[in-house]
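Data block below; observations after.
The values are calculated or read from the model by the stated rules, or taken from the named source; none is laboratory data. Predicted model only: the values in this text are computed from it and were never measured. Cβ placement follows ideal geometry from the backbone for every residue including glycine, while neighbour counts extend to all protein chains displayed. The protein model used for the area step is the full one, side chains on, heavy atoms only, and it has no ligands, DNA or RNA in it. Shrake-Rupley method; radii C 1.70, N 1.55, O 1.52, S 1.80 Å.
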Amino acid sequence: MKLIVEKNYENISRTAANIIADKVLAKPGIVLGLATGSTPIGTYKELIKMYKEGILDFSEVRSFNLDEYVGLDENNPYSYRYFMNENLFDHINIKKENIHVPDGKAENMDEYCKDYDRLIEKAGGIDVQILGIGENGHIAFIEPDTSLPIGTSVVELTEDTIVVNSRFFNSVDEVPRTAVSMGIGSILKAKSILLLANGRRKADAINSILECERISTEIPASFLLLHPDVTIIVDEEAYSKSK
Ligand code: GLP
């Protein structure tokens, strides 16, 4: 595992975007694993800037997002697909047919989830997976539990996550109780992983990975320690409990 401690959020975003940009330049048909949440917004802004300056071309890039709320579609401003359109896809030249965000309204969810993992495999696997982290140590929507889903699955959100994520909704009652999320196996199959975290509220979650001696399903992010190519980029606040 490689750890990069940056001064602030802007620097995290620039460093992450530079790492991703190098990979896109080296492999124009790269498969990107993308995340939502407030953390990667700055990275996406940097990537958009590089596209507008003519440094990056996304015309061959393919992408797979980690997760989506069950019941929300791309016209719903609270959906992750809407978020991705607003914060990245609408501003770069990625082809619509190369974008994959789990469908929160798929009819047969079990089949759909299996197909999502098959589609990733058919694309050659994810080259670089961007991750944020939940305050409770979740990645994607893989919540702390006694066991974790291996493949893409429908998952129940914990009360903690519902409350934390309610800041994006009008009220806590509007937050869906379930989501469709890549599994821990889907994520660990990525060739490289970039986990970003900023702010004091992430310090416990980051510390639980950095100080981890035994991986635990109660800290889903601890499974990243099994992966051979993980880079964690944090700011000083997120690192403050690990010094
Ligand atoms: C959500 C997403 C995660 C994300 C997490 C942290 O629960 N499913 O993928 O990492 O929120 O969000 P934020 O970056 O806003 O702190």
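Given R0 = 22 Å, the distance between the Cβ atoms of Ala26 and Ile4 translates into a calculated FRET efficiency of 0.65. Indicate the gyration tensor shape class of the range 2-235 (rounded, prolate or oblate), computed on the Cα atoms with a ≥ b ≥ c the square roots of the eigenvalues: a/c under 1.5 is rounded; otherwise a/b larger than b/c is prolate and the rest oblate. Rounded, since a/c falls under 1.5. Summing Lys and Arg as +1 and Asp and Glu as -1 over all other residues whose Cβ lies under 15 Å from the Cβ of Ser242 gives a net charge of -1.
Under 5 Å between amide hydrogens, built in the peptide plane, is the criterion, and for Gly33 it picks out Phe64, Asp127, Val128, Gln129, Ile130 among residues at least 5 positions away or on other chains.
The alpha-carbon of Lys241 sits under 18 angstrom from the alpha-carbons of these aspartates and glutamates, leaving out residues fewer than 8 places away in its chain: Glu6, Glu135, Asp204, Glu211, Glu213. For Asn85, the shell of other residues with beta-carbons less than 15 Å away shows a net charge of -3, using +1 for Lys and Arg and -1 for Asp and Glu. Residues of the range 181-197 with an amide N closer than 17 Å to a point placed 7 Å from the Cα of Glu156 along the Cα-to-Cβ direction: 181. Charge tally around Val163: other residues with Cβ under 14 Å, Lys/Arg +1 each, Asp/Glu -1 each, net -3. Can you send over the carbon and sulfur percentage of the accessible area for the chain, probe radius 1.4 Å, protein chains only? It is 48 percent, rounded to a whole number. Work out, in µm²/s and without decimals, the Stokes-Einstein translational diffusion coefficient of the range 55-95 at 10 °C, 1.306 mPa s, Rh from Kirkwood over C-alpha pairs. Value of D from the Cα-based Kirkwood radius: 142 µm²/s. Heavy-atom accessible surface of the range 24-144, averaged per residue, reaches 42 Å², computed with a 1.4 Å probe. Most tightly packed first, judged by the mean number of other beta-carbon atoms within 10 Å of their residues, the peptides 77-84, 129-136, 4-11, 26-33 read 129-136, 77-84, 26-33, 4-11.
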